[in-house]
Amino acid sequence: KAGVTQTPRYLIKTRGQQVTLSCSPISGHRSVSWYQQTPGQGLQFLFEYFSETQRNKGNFPGRFSGRQFSNSRSEMNVSTLELGDSALYLCASSLGGGPKNTEAFFGQGTRLTVV
Amino acid sequence: AQSVTQLDSQVPVFEEAPVELRCNYSSSVSVYLFWYVQYPNQGLQLLLKYLSGSTLVKSINGFEAEFNKSQTSFHLRKPSVHISDTAEYFCAVIKNSGYSTLTFGKGTMLLVSP
């Protein structure tokens with residue numbers, strides 16, 4: 001069974017640009033969550049999608065958005081990039097059918113550097 | 001809301017020594033508890049979890065954690081560490097009902113030296 005795939009693995013962008021990150025979950029998983037990981041803040045929850053609907057959202061500005069497609073693949077978009085957006089962005093997939101099905105499987109992440 | 005506190009940001013230890021990584025949580029409702037491990041340049045991998053039943057849970061590579069409801073703790077232990085255990089360890093919780101998301105602690109870097 002293939003794991004969670006995130007593309008690209010590394011990305012360098014300039015302040016003010018926008019970026020789109022992609023996540024392909026494990027086959028059969030309907031929930032995809034996104035996290036931002038930085039040395040100072042640790043892992044912070046961005047949002048979760050389940051069956052194409054945003055089910056939960058963290059405390060991030062509206063510049064951070066996402067969507068999920070009918071095949072459960074998800075994209076995350078960050079507009080008007082700031083230096084502080086430099087981070088490892090992790091995607092996690094799970095069955096999503098309730099708390100016991102929330103065992104999350106993580107991708108290797110996308111390392112975004114904003115210069 | 002839930003919160004997780006990992007009391008140590010770094011734990012240095014010699015190979016073959018025992019180790020304990022501490023995790024305390026706060027929640028007004030019952031939770032499930034998890035430990036994840038992150039090796040350099042990798043995503044997180046589930047190490048072990050407590051959902052119900054025996055409060056002592058074990059992983060296949062020698063780690064164990066004990067859920068203590070009265071002390072709201074879920075400390076991770078290993079009796080003898082290896083160099084290969086060097087990694088960052090994250091404790092996480094989730095409400096055990098309804099739909100919610102994992103809340104992570106800030107992580108503990110375990111540094112094993114020869």
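Just a few scattered comments:
- Some residue of the stretch A:9-29 being among the small types (Gly, Ala, Ser) and within 30 Å of B:Gln10 (Cβ to Cβ): no
- Residue list for the stretch A:1-45, filter: modelled with pLDDT of 95 or more, in contact with a Phe, Trp or Tyr (Cβ under 7 Å, 6 or more places away or on another chain) and over 16 Å from A:Arg73 (Cα atoms): A:Gln36
- Test: A:Tyr35 is more than 9 Å from every other protein chain (Cβ to nearest Cβ) and crowded, with 18+ Cβ neighbours inside 10 Å: no
- Test: residue in the stretch B:18-30 that is open to solvent by 40 Å² or more (accessible area, probe 1.4 Å) and within 12 Å of chain A (Cβ to nearest Cβ): yes
- In the stretch B:34-54, the residues that are within 11 Å of chain A (Cβ to nearest Cβ) and in a loop (DSSP other than H, G, I, E, B) form Cβ pairs under 6 Å with partners that are open to solvent by less than 10 Å² (accessible area, probe 1.4 Å) and among the small types (Gly, Ala, Ser), at six or more places apart or across chains, as follows: B:Tyr39/B:Ala87; B:Gly43/A:Gly107; B:Gly43/A:Gly109.
- Within the stretch A:1-42, if we keep just the residues that are assigned to a loop (DSSP other than H, G, I, E, B) and hydrophobic (A, V, I, L, M, F, W, C), the residue that is farthest from the chain's Cα centre (by Cα) turns out to be A:Ala2.
- Breaking point among (1) open to solvent by 30 Å² or more (accessible area, probe 1.4 Å); (2) within 10 Å of chain A (Cβ to nearest Cβ), for B:Thr101: (1)
- For the stretch A:52-85, the set of residues classified as within 19 Å of A:Val4 (Cα to Cα), more than 11 Å from the chain's Cα centre (by Cα) and in contact (Cβ under 8 Å) with a residue 24 or more places away in the chain consists of A:Ser72 only.
- Screening the candidates B:Phe67, B:Phe90, B:Phe74 for the property of being assigned to a strand (DSSP E or B) and open to solvent by 10 Å² or more (accessible area, probe 1.4 Å) yields one hit, B:Phe67.
The values are calculated or read from the model by the stated rules, or taken from the named source; none is laboratory data. Please read all numbers here as calculations on a predicted model, not as lab measurements. Because the Cβ atoms are built from the backbone with ideal geometry, glycine has one as well, and the counts that use them run over all protein chains shown. Heads up: the accessible areas ignore ligands, DNA and RNA and are worked out on the full protein's heavy atoms, side chains in. Shrake-Rupley method; radii C 1.70, N 1.55, O 1.52, S 1.80 Å.
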